[in-house]
Structure formats: C-alpha cells, structure tokens
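Visitor: Input: one structure, supplied below.
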Amino acid sequence: MLRRYEYFDGRGNMTGYKQYNTYLNQWEYYDNKSQSSGYQIQPAQSSVNLDLVQKTLSSRQSAYDNNLKSIQITVKSVYKNIDYLVLNLMTSEPKELDYKYANHLKYLFETKCVQAIEQKGYDYSSNSTTNMVNDWLVKNSLNIIKQELNFIEDRTYYERLINSYISLYN
C-alpha cells in the first residue's frame, strides 16, 4: 500500500498524486504531466490547538516563575536564620568571629545545598517538586548547623541553639 491519493483525468490516465511526507509532517503533490519535478509543497494541516498550547505553556511558565521565587525565598530565609542564630543567640568575643562563622555556615549551605539543586535541573513548574526541594533545603541547613555546632561542649547550650534554629521554621 503506497499511502497516497492518486488523481486521474477523464480518460483514466493518472495526472498526479498526493503523498504524506512523514519527515516534514505534510502532504506533497506530484504532477505527472510536467517535465519538471512537479513537486509542490502544500501547507501543513495540523490538528494542534495552538490557543490551548499557548495557554498551557503560559500556565506552566507562570507556575515555574512562582515556584522558583519560592525556592529563592527559602534560600534567603536560611541565610537570614543562620545570621540570627549566630549573631543573636551565640555569644563569642570578639563579635567579628560571629560574622566570619555566619559566613562560613552560609558558604557551606551554598556549596552543599544550593549548588546541588542547581545541578539537578528540577522541573519547578511542579508544585510537589518545589515543595520537596524547599523541605530538602531546610532539612539540610539544619544538618549543616548540627554538624558545625557539634564542637560545643555544653550540650544544653547546643540543644537550645538547635531548637531555636528549628523554631524559626515553625
């Protein structure tokens, strides 16, 4: 079966045929009378609803933009909460050490968490993916805080700092 439409004149002679080109996704007409190739490209006939496609893509882009903003807010929140933990709850002299320590914790968060999610290439047009990433960022920021504050010998003070950090997200 040739999968084409053939055209005949009144005497039964084939004058041309139309065949579907699957590579170009269009119908092509070939004329038998012409000495030239007779190749005529007809406009593609599509059953795609372009308005629906545009609305769908627009909706997904809007969700992506909003969810990406949510991730950025979570990252900024972690930075702010690290500053609050180190600069307001921890006590050390001189105060410059606190600023250096806060920057150290933020650097660890940036390299271990933020860069990790940037490399994964998540689909942020999905709310469930965005929620999972936000939860993962907060959980891993807590893990970094716990590991980095583990040097504190006074375990009561350590627990109070950790619980204070956790309460910032509730």
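Visitor: Towards the positive end of the charge dipole of the chain, with charges on Cβ (+1 Lys, Arg; -1 Asp, Glu), say which of TYR23, ASN81, LEU52 has the farthest Cα.
Guide: Farthest along the dipole direction, towards plus: TYR23.
Visitor: Need one number: convex hull volume per residue for the chain, Cα atoms only, in Å³.
Guide: Details: hull volume 31.4 nm³, N = 170.
Measuring per residue, one finds 185 Å³ for the Cα hull of the chain.
Visitor: Using only the alpha-carbon atoms of region 50-140, report the extent along each of the three principal axes, biggest first, to the nearest angstrom.
Guide: For region 50-140, the Cα extents along the three principal axes come out at 65, 21, 17 Å.
Visitor: Moving on. Can you work out the Karplus-derived ³J(HN,Hα) for every residue in region 162-170? Use 6.51 cos²θ - 1.76 cosθ + 1.60 with θ = phi - 60°, whole Hz, and x for glycine or proline.
Guide: My calculation for region 162-170 gives 5, 5, 5, 5, 4, 5, 5, 9, 9 Hz in order.
Visitor: Between ASN13 and ASN131, what length comes free when the chain is fully extended (0.36 nm per residue of separation minus the Cα-Cα distance, one decimal in nm)? It would help to have the intermediate numbers written out before the result.
Guide: Details: separation 118, 0.36 × 118 = 42.48 nm, distance 6.76 nm.
Full extension from ASN13 to ASN131 adds 35.7 nm.
Visitor: I want to verify a result. In a Gaussian network model of the chain, Cα cutoff 10 Å, which of these has the top mean-square fluctuation: VAL75, VAL86, VAL48?
Guide: Largest GNM mean-square fluctuation: VAL48.
Visitor: Another question about this same structure. Based on the alpha carbon coordinates of region 89-170, what radius of gyration and maximum Cα-Cα distance (Dmax) apply, in Å?
Guide: Rg then Dmax for region 89-170, in Å: 15.0, 46.
Visitor: Students often get this wrong, so check it: of LYS55/LYS112; LYS55/LYS76; LYS69/LYS112, which have C-alpha atoms separated by over 27 Å?
Guide: Working: LYS55/LYS112 37 Å; LYS55/LYS76 32 Å; LYS69/LYS112 20 Å.
From LYS55/LYS112; LYS55/LYS76; LYS69/LYS112, over 27 Å: LYS55/LYS112; LYS55/LYS76.
Visitor: Still on this structure, I have one more. With contacts defined as alpha carbon pairs under 8 Å and 6 or more residues apart, what's the relative contact order of the chain in percent?
Guide: Details: 150 pairs, mean separation 27.8, N = 170.
Value for the chain: 16 percent.
Every number in this text was worked out from the coordinates using simple rules, so none of it is lab data. In this text, all values refer to a predicted model and were calculated from it rather than measured experimentally. Methodologically, a virtual Cβ is constructed for each residue, glycine included, from the backbone with ideal geometry; neighbour enumeration extends over all protein chains shown.
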